[in-house]
1. If R0 is 22 Å, what FRET efficiency do you get for Asp95 and Gln57 from their C-beta distance, rounded to 0.05?
2. Rank these for me by crowding, Ser83, Ser116, Ser76, Ser100, going from fewest to most other beta carbons within 10 Å.
3. Take Glu68, Glu96 and order them by how many other Cβ atoms sit within 10 Å, fewest up front.
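No lab work stands behind these numbers, since they all come straight from the coordinates. These numbers come from a predicted model, not from an experiment. Note that we place each Cβ from the backbone using ideal geometry, even for glycine, and neighbour counts take in every protein chain shown.
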Amino acid sequence: MNEFAPVLDDDAVAVARVLANDHVADVVEALNHEPRQTAIELLCAVPFERLVEIFDQPELEAAPELAEALPRPKASKLLTAMSVDRAADILRELDEPARSELLGALAPPPRATLLSILGYPEGSVAGLPAAVSTCFRRVRRSSRGKSACTW
């Protein structure tokens, strides 16, 4: 496991506050220019919802390595909260044993969905049904008692 205590100085804390409030595309661009260890420390300091937004961006370079470097509980929570196709992209790029460790830390339903998607070649249309099905289930759960679609 890659557990570590973040060691942010005052400047890094200030940067983390900016990262928490700037446009997500600007945050991703800034993180792409930071040394990996600094990026990891900054990512550990931003609110979780913001972390999900950042990792959901395909432009985040080294996303697999950054996710792998996060504490395992945070990384598994992150993969569960992210869009399923983006989480699958990140897992697909990880080497073993990191991929298996992260998948093993997930609850059975998201793990099954991700394994299903990972079973198809990257970029194939065959991977779409699982992602679409998951999306529809999320919409149904979040819109109980409301119309799922507003026209």
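1. Numbers: r = 22 Å, r/R0 = 1.01.
About 0.50, to the nearest 0.05.
2. On the way: Ser83 15, Ser116 18, Ser76 21, Ser100 11.
Least to most surrounded, the residues fall as Ser100, Ser83, Ser116, Ser76.
3. Glu96, Glu68
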